[in-house]
Amino acid sequence: MGSMLGDWPSCDPHNFSKLRRADPSIPSRMMPATYHRTHSRTLPPPDQVITTEAKNILLRHIYRSAEEENDLRPKRAATKHLIPEHGCKQPRATSY
Amino acid sequence: MFRRNNIASRIFQRQIYTPAPGTSVYCARRFYENLVPSCTIYDVECPDQSFRKFTDDGQYLISFSRNQQDLVVYRPTWLSFSCKEEDCDAHDLPPKAKRFESFFTHLYSVSLASCNGNELICKDFFLYVESNQYGIIATSTPSIHDAAANGAAIQGVPYVEKLTFHLIRLEDGVILDVKVFHNDFVNLTHNMGVFLYDDLLAIASLRNQTIHILQIRDSGNLVDVRAIGAFCREDDELFLNSNAQCIAFPDKSKLHQLPGNNVQNGTHLSQPNQEDSLLSGIKQRLLSFIFQGISNEEKDPALVQFLDRQHLLIKFGSVDGGVSRNADQHTAFLAVYNMETTEIVAFYQNSAEELYLLFERFCDHFHTASKNSVSMNFVSSHSNNIHALEQIRSVKSKASSQFMKKMLGSLPYSCQSLSPSPYFDQSLFRFDEKLISASDRPRQSTDHPIKFILRRQPCSLKFKIKLGPEAGNADGRTKKIASFLFHPFLPLALSIQQTLFLQQPSVVNIHFRG
């Protein structure tokens, strides 16, 4: 007698046939067998730690769009020496 | 969840059905469709005071005496009238029950403003710290206009000689701590210049262009955390002062030792005083972030709010724009500032579409509420309610750019300015937002009753808020304003009608579930 679920693959094809009873009104005390995984494709990395993101979603969006803008417009790095090489030169005053 | 409208069958259904995950507050709120403040006591005899608001946990009604010198605190209670006759519904309330004292118990009055010091309580300002039941109230001397600028202060902004923030334990009215500002100005209208987030208080000083961050300790102390303005990091002042000697005698080798404030190309530094071209720390941060061509006007930090414990949203505007929220004439900038790294993370103009889209999607994250406050996390906004969203989208489709600027004009958000009452939940009731809303700002009074209509079928009228008896007022020409105070969870509301320009006492009505 096939299982109620048809011929789907399972660890042990007799699992579901053990549960199915001819008379559904009789309560069944059979516990289904525990599922055991047959592959390891979806295992999490062994060092994975799940925590809550400290920044809320609004700030995440703001930071992300700021980073995208920075990627589009790379800023010039400031020169290491703000004073010129020649000691006699003065920085020019600009009016703001 | 509830298929029927009858309250008894809803209670039976509640016994059987579990609400969908995460919706228990909204499901419990549906009972407010059955419990509405449908009865009104008009022009109730009450003390002549200005009632400010119910605290967000519903424990206290805050009001100020008419002379603006005393804080008066009431406890909201309920009627204790009982009817022994058979057909009680037909009976109206007896006159002795129709009193202010039936609903409110006077707890205490505290004098905050001293008589001889000509200080007055700022009656538009009140903040509540729900975790400890502390209240923050401000008193100030009269504001002085046309003041010449001195030192770090800017011209054109009025100032007050003394502004005091009082931290009061509302349980018994004890003043726990005060914070005093001298010769300063903070815009306190409807809590605009001050923002409370958990235990952190941000105060935007317009005159000195500084944002003060204070912490409210459980012990009741107001502790200075930092002041952002002239200096961004705590040790900037120390660093600058220690280098003052070097800078006074121009020594070029010391120029690069100035703190993290970016030195503008070629700014000539001679004396380290504020009148020079050395801009204050926060403004240097802003100017180094934006390009020079965008704005030639100097912008000052005007309003501030917390986005979380590290990030501030600061509005930079011109002096006049900072004092009011009228965004039409003035360009303003909104910046997201990280207090820990002292960096400006992002910067927007007050008409930026990008910012508007963030505001439309994540409005609730701008209305930052303390995690201790359960009720404030469920206020209807266009980010959590489809009806509110449809409403603003329909307005936006008609006048897009003006609308966006107007909506962004409400940023930074004013702290604790929305009522958490379930009657303002847009999924439960539909009402005219021009006449009444969760915002506590007074609005023009109307003779017509304000209707609250059920959102769900059969979309019937549930209750009306009327400001006066049916006959209306004899003199239709006097301009009146109305304000509404809704209790956070009881079916109880006060409506206060005031006549402008006349010194008449205000008319107070009590709306309750009879």
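The values are calculated or read from the model by the stated rules, or taken from the named source; none is laboratory data. Note that this is a predicted model, so its numbers are computed, not measured. Cβ sites come from the backbone with ideal geometry, for glycine too, and all protein chains shown count toward neighbours.
Of the conditions (1) outside any loop (DSSP other than H, G, I, E, B); (2) of a type outside the set (A, V, I, L, M); (3) touching a strand residue (DSSP E or B) at 6+ places or on another chain (Cβ under 9 Å); (4) free of Cβ contacts under 8 Å to residues at least 60 places away in the same chain, B:Lys53 fails just one. Which one is it?
Of the numbered conditions (1) outside any loop (DSSP other than H, G, I, E, B); (2) of a type outside the set (A, V, I, L, M); (3) touching a strand residue (DSSP E or B) at 6+ places or on another chain (Cβ under 9 Å); (4) free of Cβ contacts under 8 Å to residues at least 60 places away in the same chain, the odd one out for B:Lys53 is (4).
Quick check, is B:Thr40 in contact with a His (Cβ under 9 Å, 6 or more places away or on another chain) and not in a loop (DSSP other than H, G, I, E, B)?
Judged against the criteria, B:Thr40 is a match.
Does region B:1-59 hold any residues that are farther than 29 Å from B:Gln69 by Cα and among the acidic types (Asp, Glu), and which are they?
Selection gives B:Glu33 alone.
For region B:358-385, give me each residue that is more than 14 Å from every other protein chain (Cβ to nearest Cβ) and part of a helix (DSSP H, G or I).
Residues satisfying the conditions are B:Ser375, B:Met376, B:Phe378.
Check B:Ala388 against each of (1) within 14 Å of another protein chain (Cβ to nearest Cβ); (2) of a type in the set (A, V, I, L, M); (3) in a helix (DSSP H, G or I) and name the one condition it does not meet.
(1) is the only condition that B:Ala388 fails.
Let me confirm something: among B:Pro469, B:Pro491, B:Pro458, which residue is under 30 Å from B:Val25 (Cβ atoms) and modelled with pLDDT under 90?
Sole residue among the options that is under 30 Å from B:Val25 (Cβ atoms) and modelled with pLDDT under 90: B:Pro458.
Looking only at region B:440-455, which residues are within 24 Å of B:His190 (Cβ to Cβ) and at pLDDT below 90?
Passing the criteria: B:Asp440, B:Arg441, B:Pro442, B:Arg443, B:Gln444, B:Ser445, B:Thr446.
Name the residue that is farthest from the other protein chains (Cβ to nearest Cβ), counting only residues in region A:47-63 that are exposed (fewer than 10 other Cβ atoms within 10 Å of the Cβ) and either part of a helix (DSSP H, G or I) or of a type outside the set (A, V, I, L, M, F, W, C) (or both).
Selected residue: A:Asp47.
Restricting attention to region B:175-205, which residues are under 26 Å from B:Val374 (Cβ atoms) and not in a loop (DSSP other than H, G, I, E, B)?
Selection gives B:Leu176, B:His190, B:Asn191, B:Val194, B:Phe195, B:Leu196, B:Tyr197, B:Leu200, B:Leu201, B:Ala202.
Against the definition (β-branched (Val, Ile, Thr) and either assigned to a loop (DSSP other than H, G, I, E, B) or modelled with pLDDT under 90 (or both)), how does B:Val263 come out, yes or no?
Yes.
Could you grab me the full set of residues in region B:350-380 that are crowded, with 17+ Cβ neighbours inside 10 Å and polar (S, T, N, Q)?
Scanning region B:350-380 gives B:Asn350, B:Ser351, B:Thr368, B:Ser370, B:Ser373, B:Ser375, B:Ser380.
Got a sec? Which of B:Leu93, B:Leu61 is surrounded by fewer than 17 Cβ atoms within 10 Å (Cβ to Cβ) and either touching a strand residue (DSSP E or B) at 6+ places or on another chain (Cβ under 8 Å) or under 30 Å from B:Glu119 (Cα atoms) (or both)?
B:Leu93
Test B:His330 against the criterion of being at pLDDT 55 or above and within 11 Å of chain A (Cβ to nearest Cβ), and give yes or no.
Considered against the rule, which asks whether it is at pLDDT 55 or above and within 11 Å of chain A (Cβ to nearest Cβ), B:His330 comes out as no.
Does B:Leu79 qualify as being at pLDDT below 90 and either within 29 Å of B:Phe378 (Cβ to Cβ) or part of a strand (DSSP E or B) (or both)?
yes
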